[in-house]
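Taking it in order: structure first as C-alpha cells, then the write-up.
The values are calculated or read from the model by the stated rules, or taken from the named source; none is laboratory data. Just so we're clear, the structure is a prediction, and the values are computed from it rather than from any experiment. Note: ideal-geometry Cβ built from the backbone for every residue, glycine included; neighbour counts use all protein chains shown. When the accessible area is computed, the model is the full protein with side chains, heavy atoms only, and any ligands, DNA or RNA have been set aside. Shrake-Rupley method; radii C 1.70, N 1.55, O 1.52, S 1.80 Å.
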Amino acid sequence: MILSIVRKEFVDLLRDGRFRWASAIVTLLLVASMAVGWRGWREVREEHDRAQAEAREHFEGQEEKNPHSAAHYGLYVFKPKPTLSFFDSGVDPYTGVSVHLEAHRRNELRNKPARDATALQRFGELTAATVLQQLMPLLIIFLAFPAIAGEREQGTLRQLLSLGVRPSVLLAGKGLGLAAALGLIVLPAVALGILLLAMGGAGSSHTWPAALVLAAGYLLYLGIFLAVSLLVSAHARSSRAALITLLGFWIINAMLAPRLATDLARGAVSTPSSVEFSAAIQRDIKGGIDGHNSEDKRLDTLRREQMQKHGIDTVEELPINFQGVALQASEEHGNTVFDRHYGTLWNSFGRQDSIRKGLGLVFPTLAIRELSMALAGTDNAHARHFADSAESYRRDLVRTLNRDLEANGADLGLMYQAGPELWKSMPQYRYQPRGLAETLATQSLAWVSLIAWLIGSTLLVRRSTRTLRAD
C-alpha cells in the first residue's frame, strides 16, 4: 500500500507543470552557484599562491641590513582558501585574506572582498549553501502544503480513509513521494559536487569527510521542513491556511532569524570599535619597555640583569649584542599586550557565536548556517585559527631575527648587518587548518538542534495520524 502511495505522489508531482518549472529553477540556481563558486575558488587560490610566492621573494631579496630592520620590513601571508568555500563562503568576505607580519605589530587581516563588492552583492552572495538554506525549504513548502489539506478539500481524504488506508501509511507515503521528487532536484548538484571535489587534486582529499558530514547536516535540515510541512498540512483546515502558516515559518527562519540573532548577539556581548581597540593596545604597549628608545629608564634594569647574568660591570663587556636583547624584550611585552586584547576580542566573538548557536534550538536555519560555515572552513573559528597561526609565525620570525642580532655584532649594536642567507634561512609559512574532529566538537549544539527538530517534528507528524480529520 505504501509503495502505491509513494508512486502516485511521485508521478503526480512529475506531471505537475508547477513542480517542473520550480524544480528546474532551483536546480539551475544550485548548479550555477556551485559552478561559479568553484571558478571563483580556483581563481582566488591561484592569486593567493602567486602573491604568497612574490611576498616571500621580496623578503628573501632584501639587501644587507640589520636583522631587526628586516623584521620591520616583514612579509605578507595569505589565508588559504578552503576547498568547500566554493559551496559556502561564510564570513570569509568580511574577515580579510592576508596579513602583514612585522616587528612590534599584530596587524589585522586586510583585503576584505566585501569592501570591493558591488551594491547588489552587498545584499548577499548567492552560494549553493544559500540555495539549500533558503530556496529549497521554500520549494518543499510549495510542494507539501496541499499533501493532506488538499486531499481533505477535494474530499478524497475521506475516500482513502474509508478504503482502509491507515493515516500513518498515507502520511509516510506522501512524505517518501515528496522526498523522492526532491531527490531528483538535488541529484545534479550532488553529481557536480562530487566531480568538483575530485578535480580539487590531492590537496583537497581531506575535504571528502567534511563534505559527507555537510551533506548529512543538510539532509537533516531539509527533512525538518518536509516533516513540518506535512504536520501543518495534516492539521490545517484548508490548503490556504497551510500555505500561509508554512510561509510564516519560512519567513521567520530564513529572513528574520539571522538578523535577529545578529542583533541579539551584539546587544548581549559588546565589542570595541576598531579605533577604540587600536588605542587600547597602543596605550598598554607604551606602558612597557621600548627597545628602540635608548633613554627608556626600563632598559637600565635589563642592562643590570644582563651584566649580572654574565658577571661583568659594564654593558660594553657583554659578549652579546644588547640591542638584540632589548628589542626582543620589547617584543615580548607587546606580545603579552596582544594576547590580552586579542584574546578578549576573539572570546567576545566566540560568545556571540554561542548565542547564535543557542538560537538554533528555536530556528533550525541558524543551526544549519553555523554547521555549514564550520564544515566549509569559513566561520569565525577558522578565521581566528588562521589569525593565531599567522601571529605565531610572526613571533617566531621576529624572535629568530632578534636572536641573530643578539648573537652577532656585540660591539656594533644596530650597526650589525646580516645578508640574504639569513632571510632565506627563515622557514616558510605553512598553514595547517583545523581538523574535522575539532570542528565537529564546536558544533555539537547545532547537531543537537537539527536532530531534536527532526525527531520532534516527526513524532508530531506520527501523533497527528491518530487524530487526522477527514473534513
If Gly164 passes every condition in (1) open to solvent by 30 Å² or more (accessible area, probe 1.4 Å); (2) not in a loop (DSSP other than H, G, I, E, B) but one, which one does it miss? (2)
So, in the stretch 266-289, of the ones that are touching a Ser or Thr at 6+ places or on another chain (Cβ under 6 Å) and either open to solvent by 40 Å² or more (accessible area, probe 1.4 Å) or in contact (Cβ under 8 Å) with a residue 60 or more places away in the chain (or both), which residue ends up nearest to Glu406 (Cα to Cα)? Thr271
So which residues in the stretch 204-215 are more than 13 Å from Ala437 (Cα to Cα) and either in contact with a strand residue (DSSP E or B) (Cβ under 8 Å, 6 or more places away or on another chain) or open to solvent by 40 Å² or more (accessible area, probe 1.4 Å) (or both)? Ser205, Trp208, Leu212, Ala215
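Quick check, is Pro319 of a type outside the set (A, V, I, L, M) and more than 27 Å from the chain's Cα centre (by Cα)?
Yes: the conditions hold for Pro319.
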Filter result for the condition that a residue is buried (at least 16 other Cβ atoms within 10 Å of the Cβ), modelled with pLDDT of 90 or more, in contact with a His (Cβ under 9 Å, 6 or more places away or on another chain) and part of a helix (DSSP H, G or I), over Ala51, Ala71: Ala71
Number of the condition not met by His310 [criteria: (1) without any contact (Cβ under 8 Å) to a residue 60 or more places away in the chain; (2) within 27 Å of the chain's Cα centre (by Cα)]: (2)
Could you say which residue among Leu212, Leu196 is of a type outside the set (Val, Ile, Thr) and either in a loop (DSSP other than H, G, I, E, B) or modelled with pLDDT of 90 or more (or both)? Leu212
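Each row is one residue, and each column tells you yes or no for (1) surrounded by 13 or more Cβ atoms within 10 Å (Cβ to Cβ); (2) more than 23 Å from Ala279 (Cα to Cα).
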{"residue": "Glu295", "(1), (2)": "no, yes"}
{"residue": "Thr301", "(1), (2)": "no, yes"}
{"residue": "Leu318", "(1), (2)": "yes, yes"}
{"residue": "Ala326", "(1), (2)": "yes, yes"}
{"residue": "Arg340", "(1), (2)": "yes, no"}
{"residue": "Thr344", "(1), (2)": "yes, no"}
{"residue": "Ser348", "(1), (2)": "yes, no"}
{"residue": "Lys357", "(1), (2)": "yes, yes"}
Filtering the stretch 152-172 down to residues that are within 14 Å of Leu231 (Cα to Cα) and in contact with a Leu (Cβ under 8 Å, 6 or more places away or on another chain) yields Pro167, Leu170, Leu171
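Matching residues to (1) modelled with pLDDT under 90; (2) within 30 Å of Met136 (Cβ to Cβ); (3) among the aliphatic types (A, V, I, L, M):
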site	(1), (2), (3)
Pro258	no, yes, no
Ala261	no, yes, yes
Ala268	no, no, yes
Ala280	no, no, yes
Leu299	yes, no, yes
Ile312	yes, no, yes
Glu316	yes, no, no
Any chance the stretch 80-92 includes a residue that's aliphatic (A, V, I, L, M) and at pLDDT 90 or above? yes
Consider the stretch 398-445. How many of its residues are among the hydrophobic types (A, V, I, L, M, F, W, C), within 34 Å of the chain's Cα centre (by Cα) and either over 12 Å from His68 (Cα atoms) or at pLDDT below 90 (or both)? 6
Would you confirm whether or not the stretch 394-406 contains a residue that is open to solvent by 40 Å² or more (accessible area, probe 1.4 Å), within 25 Å of Leu422 (Cα to Cα) and of a type in the set (Val, Ile, Thr)? yes
Which one of these is among the hydrophobic types (A, V, I, L, M, F, W, C), in contact with a Phe, Trp or Tyr (Cβ under 8 Å, 6 or more places away or on another chain) and in contact (Cβ under 8 Å) with a residue 12 or more places away in the chain: Val97, Val91, Val44, Val31? Val97
Go through the stretch 364-414 residue by residue and tally those that are free of Cβ contacts under 8 Å to residues at least 40 places away in the same chain and small (Gly, Ala, Ser). 1
